[in-house]
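Novice: Have a look at this one before I ask anything.
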Amino acid sequence: AALSHLVIHAFMKICAFFCAGAVMHQTGKTYIYELDGLGKEMPVTFGCLTVASLSLMGMPLFGGFISKWGLAHAAFSAMGADRGGLPGTGGWILCAGVAVVLYSALMTGVYMLTVLVRAYFPKTTQAQAPQAKGAVPGKGLDPNWMMLVPLALFALAILLLGICPMPLLRVLAGIGGEAG
């Protein structure tokens, strides 16, 4: 479970940071309050960021759900809750760990949705939307294919890991064995 979370979390964070880099490169914007309206101007970049964000929150059909579910399942299995037993002291510690995973998903939702809401539902008017230097109005600000291909590949990997995780989980089970 921990190995799957490590791998899937890496895909999610890399995708999110690549999206942030694309925004910074194309617009020079570095603050969240400057992102108003960029969802429309950079649809591919923010589409990939949306996939990474939903996955980081642990939404079903995304890789983050699989990894967080695996962590919770491993914790409950380790304390015997899946066999009808009541948790001992160690079990309550594992329950607290599951609560932390759920709380972190909630907090991730707060900070990632803040970015997405500003990008897709701007507080400014369209005439005030940010423009990059040399950008042609109406042509959008998405970067060229050399930046978009990695974004799209990571977003696709996140979706595939959420929909069809078994190939990765089999490989990781071979590495980790029966440990979890």
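Novice: At R0 = 45 Å, how high is the FRET efficiency between Tyr120 and Leu6 if r is their beta carbon distance? Nearest 0.05 is fine.
Specialist: Values: r = 30 Å, r/R0 = 0.68.
Working from the Cβ atoms, E equals 0.90.
Novice: Something else about it: Report the full-extension gain for the segment Leu156 to Ser77: residue separation times 0.36 nm, less the Cα-Cα distance, to one decimal in nm.
Specialist: Working: separation 79, 0.36 × 79 = 28.44 nm, distance 3.08 nm.
So the chain would gain 25.4 nm between Leu156 and Ser77.
Novice: Multiplying the sequence separation of Met146 and Ala173 by 0.36 nm and subtracting their Cα-Cα distance, what value in nm do you get?
Specialist: Numbers: separation 27, 0.36 × 27 = 9.72 nm, distance 3.45 nm.
Full extension of this stretch gives 6.3 nm more.
Novice: Report the calculated FRET efficiency for Ser104 and Ala20 (r = Cβ-Cβ distance, R0 = 25 Å), to the nearest 0.05. Show your work: numbers first, answer last.
Specialist: Working: r = 20 Å, r/R0 = 0.79.
FRET efficiency, Ser104 to Ala20: 0.80.
Every number here is computed from the coordinates shown, using simple stated rules; none is lab data. Computed from a predicted model, the values in this text were never measured in an experiment. Every residue, glycine as well, gets a Cβ built from its backbone with ideal geometry; the counts of neighbours run over all protein chains shown.
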